[in-house]
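Take a look at the structure set out below.
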Amino acid sequence: MTEARGPDRADDAGDDVGGEPRLPALPTRRSRWRTLLWTERPRVWIALGAAAAVGVAFAAGTVVGTTRSEVAAAPSVTPTAGTVTLEQLLDVPQTYADQLPGPVEAPVSLHSTRLVFTNRALDGGSFDTPWAVWAGVGTDRSTICLVATANRIESSTACFPREAALHGSVSMSAQSMSGTLTIALRGGGVQGRVTNEN
């Protein structure tokens, strides 16, 4: 004698002729993922896109930060205490003595020159080594130029990057019948020397 059994699986439900419709089967793991990705895909794709964007931004920020931290700073020189620096001289208004002599030509901006060195006696009594040196902002604004002349006609010019001239250590030399001129800018402080080798 066989015992009658009811439908104990979802697949068996609804096999009766004229019975009720079949009950839905429990979703499998694969169908759950399909439902998640295709039925609710706007929310899922937005969340995945946002996570990817945050990851890319973090990675880019790390690379940029690392690159910037490896850039070496330009060497800076501290001027002697009490020294009036070239940067301070360039900030004050130009005087008549700061203007280049008419015949002297140099690649500097108009009204930017300042007399930074002379060994000419103020009373005009000594003209043995009458050197004069002006500093001015270059015509491209990114350089500082030194212009030196011993006869106010012929001149020597040397231009340096602005940061090096104002805060670093640069120098120039020039020769004439009046002697050999050496000018150094150290931390923006001007140091000049004339030697007569005759």
TODO: Determine whether segment 142-164 contains at least one residue that is open to solvent by less than 50 Å² (accessible area, probe 1.4 Å) and among the basic types (K, R).
DONE: no
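Would you mention how many residues in segment 175-198 are touching a residue at least 40 places away in the same chain (Cβ under 8 Å) and out of contact with any Pro (no Cβ under 7 Å at 6 or more places or on another chain)?
Kept after step one, since they are touching a residue at least 40 places away in the same chain (Cβ under 8 Å), are these residues of segment 175-198: 176, 178-179, 181, 183, 185-190, 192, 194, 196.
Okay, now just the ones that are also out of contact with any Pro (no Cβ under 7 Å at 6 or more places or on another chain), so 176, 179, 181, 183, 185, 190, 192, 194, 196.
Residues that pass the stated criteria total 9.
For (1) under 16 Å from T78 (Cα atoms); (2) assigned to a strand (DSSP E or B), each residue gets a yes or a no:
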{"residue": "L146", "(1), (2)": "no, yes"}
{"residue": "I153", "(1), (2)": "no, no"}
{"residue": "A165", "(1), (2)": "yes, no"}
{"residue": "M172", "(1), (2)": "no, yes"}
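Among the residues of segment 102-122, is there at least one that is of a type in the set (D, E) and in contact with a Lys or Arg (Cβ under 7 Å, 6 or more places away or on another chain)? It would help to see each step written out before you state the result.
Initial filter on segment 102-122 (of a type in the set (D, E)): 105.
Then keep just the ones that are in contact with a Lys or Arg (Cβ under 7 Å, 6 or more places away or on another chain); that gives none.
Among the residues of segment 102-122, not one is of a type in the set (D, E) and in contact with a Lys or Arg (Cβ under 7 Å, 6 or more places away or on another chain), which makes the answer no.
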Open item on the list: Six or more apart or on different chains, Cβ atoms under 6 Å: show the pairs whose first residue is in segment 105-130 and modelled with pLDDT of 60 or more and whose second is polar (S, T, N, Q) and not in a loop (DSSP other than H, G, I, E, B).
Closed with: A106/T157
Task: Residue satisfying condition, being at pLDDT 55 or above and either among the polar types (S, T, N, Q) or assigned to a loop (DSSP other than H, G, I, E, B) (or both), within set T78, T66 - done: T78
Task: Scan of segment 183-198 for residues that are within 19 Å of T113 (Cα to Cα) and either open to solvent by 20 Å² or more (accessible area, probe 1.4 Å) or not in a strand (DSSP E or B) (or both), ordered by number - done: R186, G187, G188, V190, Q191, G192
TODO: Determine whether segment 150-160 contains at least one residue that is modelled with pLDDT of 95 or more and touching a helix residue (DSSP H, G or I) at 6+ places or on another chain (Cβ under 6 Å).
DONE: no
Task: Enumeration of residues in segment 88-107 that are open to solvent by less than 80 Å² (accessible area, probe 1.4 Å) and part of a helix (DSSP H, G or I) - done: L89, L90, A97, D98
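The values are calculated or read from the model by the stated rules, or taken from the named source; none is laboratory data. This structure is a prediction, so every number in the text was calculated from the model and none was measured. Quick reminder, even Gly has a Cβ in these numbers, built from the backbone with ideal geometry, and neighbours come from all protein chains shown. These area figures cover heavy atoms from the full protein model, side chains too; ligands, DNA and RNA do not enter into them. Shrake-Rupley method; radii C 1.70, N 1.55, O 1.52, S 1.80 Å.
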